[in-house]
1. Would you tell me the mean number of C-beta atoms belonging to other protein chains that fall within 10 Å of each C-beta in A:83-89, as a whole number?
2. With no solvent and one point on each alpha carbon, what is the Debye value of log10 I(q)/I(0) for the protein assembly as shown at q = 0.09 Å⁻¹?
3. For residue A:36 and residue B:24, what is the calculated FRET efficiency with R₀ set at 30 Å and r taken between the beta-carbons, to the nearest 0.05?
4. Any chance you could run the full-extension gain for residue A:77 through residue A:17? It's 0.36 nm times the residue separation minus the Cα-Cα distance, nm to one decimal.
5. What Kirkwood hydrodynamic radius, in Å, does the range B:2-88 give when the mean of 1/r is taken over all pairs of distinct Cα atoms and then inverted?
6. First measure r as the distance between the Cβ atoms of residue A:60 and residue A:86, then evaluate 1/(1 + (r/R0)^6) with R0 = 30 Å and state the FRET efficiency to the nearest 0.05.
7. Take every Cα pair under 8 Å in chain B that's 6+ residues apart, average their separations, divide by the length, and report that relative contact order as a whole percent.
8. Considering every residue in A:33-46, what mean count of other chain Cβ atoms within 10 Å of its Cβ is obtained?
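What follows draws every value from the coordinates through simple rules; no lab data is involved. What you see is a predicted model; the values in this text were computed from it and never measured. Cβ: placed from backbone, ideal geometry, glycine included. Neighbour counts: every protein chain shown.
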Number of protein chains: 2
Amino acid sequence: MAMFIWAEGTTTGQQEEVAARLGELPGIIPQIREYSVGADAGINPSSYDFVLVADFADRDAYLAYRDHPAHREVVDRYVTPIAAARAAIQYEL
Amino acid sequence: MAMFIWAEGTTTGQQEEVAARLGELPGIIPQIREYSVGADAGINPSSYDFVLVADFADRDAYLAYRDHPAHREVVDRYVTPIAAARAAIQYEL
């Protein structure tokens, strides 16, 4: 699970691009069991802007996703350039 | 959903106390539909330490939880004193 604060000046188009590119990953990386994204509802001013929740069978499946070239490309090309802050955690259900 | 980094020197006992106190809230606050906590699996060094995932029927149910005295007490007495960083987001499924 990862949350992001987008940098000042990030456009709606850039945010939609991130969601769209991430949304393609479950079709590319078979280790992804569940994958969903969400935008902040605007209730609390200190909230992060965007969240990604992903589920994997185990640690190895997560690592395959984390290091998959298709995932790295989305991170490097679309996420990192507009991310002002990132908070992430991996935990067992 | 909220993630925390615990301050240096936070004990295992303090972390278990947070999880235990939060775990009592679903029995006290009827607006909580689902509630789970998790500790970081230690895969990535930059990860947050602790995550809380909660589900509510709607915005009003979330607000009732956010502002409930039992929740505020756990936050003020057990979470805030050991939280070095917090990242949170509210979003619609």
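1. Average neighbour count from other chains, rounded to a whole number: 6.
2. Taking Cα atoms of the protein assembly as shown as identical point scatterers yields -0.34.
3. Numbers: r = 28 Å, r/R0 = 0.94.
For R0 = 30 Å, the calculated efficiency reads 0.60.
4. On the way: separation 60, 0.36 × 60 = 21.60 nm, distance 1.04 nm.
Result for the pair: 20.6 nm of gain on full extension.
5. Values: mean 1/r = 0.0741 Å⁻¹.
After inverting the mean inverse Cα-Cα distance, the result is 13.5 Å.
6. Working: r = 23 Å, r/R0 = 0.77.
Between residue A:60 and residue A:86 the formula returns 0.85.
7. Numbers: 115 pairs, mean separation 41.7, N = 93.
Dividing the mean separation by the residue count of chain B yields 45 percent.
8. Numbers: counts 0, 0, 0, 2, 1, 6, 3, 5, 6, 3, 8, 6, 0, 3.
Per residue, the number of nearby Cβ atoms from other chains is 3 on average.
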